[in-house]
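Undergrad: Sending over a structure as structure tokens; questions will come in a sec.
The values are calculated or read from the model by the stated rules, or taken from the named source; none is laboratory data. Note that the structure is predicted; figures quoted are calculated from it, not measured. Note that we place each Cβ from the backbone using ideal geometry, even for glycine, and neighbour counts take in every protein chain shown. These accessible areas exclude ligands, DNA and RNA; they are computed on the full protein's heavy atoms, side chains included. Shrake-Rupley method; radii C 1.70, N 1.55, O 1.52, S 1.80 Å.
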Amino acid sequence: MSGAAISAENLVKWFGEGEARTVAVRDASFAAEYGEILYIVGPSGSGKTTLLSMVSGILKPNGGSVIVEGEDIWGMSEDRIAQIRLNKIGFVFQDYHLFPRLTTAENVAVPLILKKMNWNQALNVALEYLDIVGLKERAQLPPYKLSGGEQQRVAIARAIAGQPDILIFDEPTASLDGDTGRKIIEFVKAKILNEKRCIIIVTHDSRIYEYADTIMKMEDGKIIGFEKNHAYEK
């Protein structure tokens, strides 16, 4: 499959009104292609996470559109947006968003249960993905007994377990040591990325820049450039 898995057209987002208004994203347009890893980089406060939230169907823009499968998701009903997020888009949040009363394995199984998978089968699949991120032995622990880095790896396992077409990561390696971070991204590129899937990553982690196909740079809420074939320079 070729072409755009998801595209943004003239996205705008502001917060507050009148003199208190702050524009977080200004007229942002880009496309993430099937079969590629797109990195979004830029200084803190440049609008990266706000942009991710809009393209993933979490935060409604003040203007512009997000096109998935030929349709603007922000013209859809709330129920249909929820279905797009469940079936098409996997999101790994920087602050994990794990369910505190569920075990690690149950957290990873959540998107599978929502897709009507049998409970026991979902837990078995969850264990496979926990093994991939090095946490199978932590499967029965609740999130509060895990370190920050371990919680991040659980969030990554949960996102990839659902097998979405579009994977969106917000600083996926921020809490991980170098070797673990590279292992996660290597796995994502080798086993998860294919011609029917795209991956979007916001990162400050120069240790994983080499795995990008395209790097998009933001500054002051604007997209200011693209680099192809690992040509990014800090």
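Undergrad: I'd like the distance between the alpha-carbon centres of region 145-224 and region 65-99, rounded to an integer number of Å.
TA: Taking the Cα centre of region 65-99 as reference, the centre of region 145-224 is 17 Å away.
Undergrad: Within a Cβ distance under 14 Å of Thr103, other residues only, what is the Lys/Arg minus Asp/Glu net charge? Display every interim value, and only then the final one.
TA: On the way: positive: Arg101, Lys136, Arg138, Lys145, Arg158; negative: Glu106, Glu137, Glu150.
That works out to +2.
Undergrad: Can you compute the modelled spin-label distance between Met76 and Val12, with each label point 7 Å from Cα toward Cβ, in nm?
TA: Taking the simple label geometry, Met76 and Val12 are separated by 2.5 nm.
Undergrad: Taking only Cα atoms and a 10 Å spring cutoff, compute GNM fluctuations for the chain and point out the largest among Ala190, Ala212, Ala174.
TA: Result for the chain, Cα springs under 10 Å: Ala190 fluctuates most.
Undergrad: Now, a different point. Most mobile of Ile73, Ile166, Ile113 per a Gaussian network model of the chain (Cα springs, under 10 Å)?
TA: Greatest mean-square fluctuation among the candidates belongs to Ile113.
Undergrad: How far apart, in nm, are two points set 7 Å out from the Cα along the Cα-to-Cβ line at Glu19 and at Asn124?
TA: 6.5 nm
Undergrad: Report, in cubic angstrom per residue, the convex hull volume of the C-alpha atoms of region 29-162.
TA: Numbers: hull volume 18.7 nm³, N = 134.
Each residue corresponds to 140 Å³ of Cα convex hull volume.
Undergrad: Still on this model: Tell me, what % of the accessible area of the chain is carbon and sulfur with a 1.4 angstrom probe? Spell out each step's value before the answer.
TA: On the way: 5240 of 11180 Å².
Here carbon and sulfur together make up 47 percent of the probe-accessible area.
Undergrad: What's the local net charge at Ser53, with K and R +1, D and E -1, over the other residues with C-beta under 12 Å away? Could you put the intermediate results ahead of the total?
TA: Details: positive: Lys13, Lys48, Lys60, Arg85; negative: Asp170.
That sum, taken over residues with Cβ under 12 Å, equals +3.
Undergrad: What distance in nm separates the two pseudo spin-label positions at Ser147 and Lys115, each 7 Å out from Cα along the beta-carbon direction?
TA: Between Ser147 and Lys115, the label points sit 3.1 nm apart.
Undergrad: Between helix 148-161 and the chain, what is the angle of the helix's C-alpha long axis to the longest principal axis, kept within 0 to 90° and rounded to the nearest 10?
TA: 90 degrees
Undergrad: Principal axis extents for the chain, Cα atoms only, whole Å, descending order, please.
TA: So the extents along the principal axes, rounded to whole Å, are 49, 41, 41.
Undergrad: Can you work out the FRET efficiency for the pair Lys196 and Leu102, with r the C-beta to C-beta distance and R0 = 25 Å, to the nearest 0.05?
TA: Values: r = 30 Å, r/R0 = 1.20.
Using R0 = 25 Å, I get an efficiency of 0.25.
Undergrad: With springs connecting C-alpha atoms under 10 Å apart, model the chain as a Gaussian network and identify which of Leu98, Leu130, Leu146 has the largest mean-square fluctuation.
TA: Greatest mean-square fluctuation among the candidates belongs to Leu146.
Undergrad: Please work out, to two decimal places, the log10 of the ratio I(q)/I(0) at q = 0.11, 0.14, 0.22 Å⁻¹ from a Debye calculation in which every Cα of region 53-117 carries one identical scatterer.
TA: For the requested q values the scattering log ratios are -0.32, -0.50, -0.99.
Undergrad: Report, for the chain, the % of DSSP beta bridges that are antiparallel, rounded to 5.
TA: Values: 21 of 38 bridges.
The antiparallel proportion sits near 55 percent.
Undergrad: Going down the list Lys183/Lys228; Lys115/Lys222; Lys115/Lys136, which pairs span over 25 Å between their C-alpha atoms? Please list the in-between numbers first.
TA: On the way: Lys183/Lys228 23 Å; Lys115/Lys222 36 Å; Lys115/Lys136 22 Å.
Check vs 25 Å cut-off fails for Lys115/Lys222.
Undergrad: Per residue, how many Å² of accessible area does region 24-91 show with a 1.4 Å probe?
TA: Averaged over the residues of region 24-91, the accessible area is 41 Å².
Undergrad: Give me the accessible area per residue for region 110-188, probe 1.4 Å, as a whole number in Å². Please report the intermediate quantities before stating the final value.
TA: Values: 3440 Å² over 79 residues.
Result: 44 Å² per residue.
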